[in-house]
Amino acid sequence: MKSIFTRFLKDQSGATAIEYGLIAALISVVAITTLTAVGSKLNDKFTSVSGGLN
């Protein structure tokens, strides 16, 4: 029983998957933040152009 527990503690195959998951989550947060900022600026630009055409 002790050898199974020791082997379980030394197994790091799940750690890689968790790390990739955290990296994907971080990239997603950065992408959402960036696209929101760019979307706001783009909306302001289109509003400005629309006002200029009227």
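Summary table below
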| item | result |
| --- | --- |
| Estimated translational D of the chain in µm²/s (Stokes, Kirkwood radius over Cα pairs; 25 °C; 0.890 mPa s) | 161 |
| Residue-span extension gain [Leu9 to Asn54] - 0.36 nm each, minus C-alpha spacing | 9.3 nm |
| Which of Ser28, Ile4, Gly51, positive extreme of dipole for the chain (C-beta unit charges) | Ile4 |
| The chain - accessible surface per residue (Å², probe 1.4 Å) | 95 |
| Protein accessible area in the chain, 1.4 Å probe - carbon and sulfur % | 69 |
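The values are calculated or read from the model by the stated rules, or taken from the named source; none is laboratory data. Note that the structure is a prediction, hence the values are computed from the model and not measured. Please note: Cβ atoms are built from the backbone with ideal geometry, for glycine as well, and neighbour counts cover all protein chains shown. For accessibility, only protein heavy atoms count, side chains too; no ligands or nucleic acids. Shrake-Rupley method; radii C 1.70, N 1.55, O 1.52, S 1.80 Å.
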